[in-house]
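Colleague: Okay, here's the structure, questions in a sec.
Readers should treat all values here as calculations from the given coordinates under stated rules, not as data from a laboratory. This one's a predicted model, so the numbers in the text were calculated from it and none came from an experiment.
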Amino acid sequence: MHLIASTTTAKGLKVNCRLDHATGRKITEEEMTTINIEPSRFHGEWNYVIHPH
């Protein structure tokens, strides 16, 4: 989370983040199927886009 929170760009983008759930909580397979995730071609297990429904 620290890496995300300290992100900025030359154009002035600032990123804020917060943890709004209990750490260590695992989601169920059923919950996972409700998330619209698009994995990246490069390390999709780490890099992905979550699209709104």
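Colleague: Could you give me the radius of gyration and the Dmax of segment 4-53, taking only the C-alpha atoms into account and expressing both in angstrom?
Modeller: In Å, with Rg to one decimal and Dmax whole: 14.0, 40.
Colleague: Once amide H atoms are built 1.01 Å from N in the peptide plane, which residues 5 or more positions from Tyr48, or in another chain, come under 5 Å H to H?
Modeller: Those qualifying (amide H under 5 Å, at least 5 residues apart or on another chain) are Ser40.
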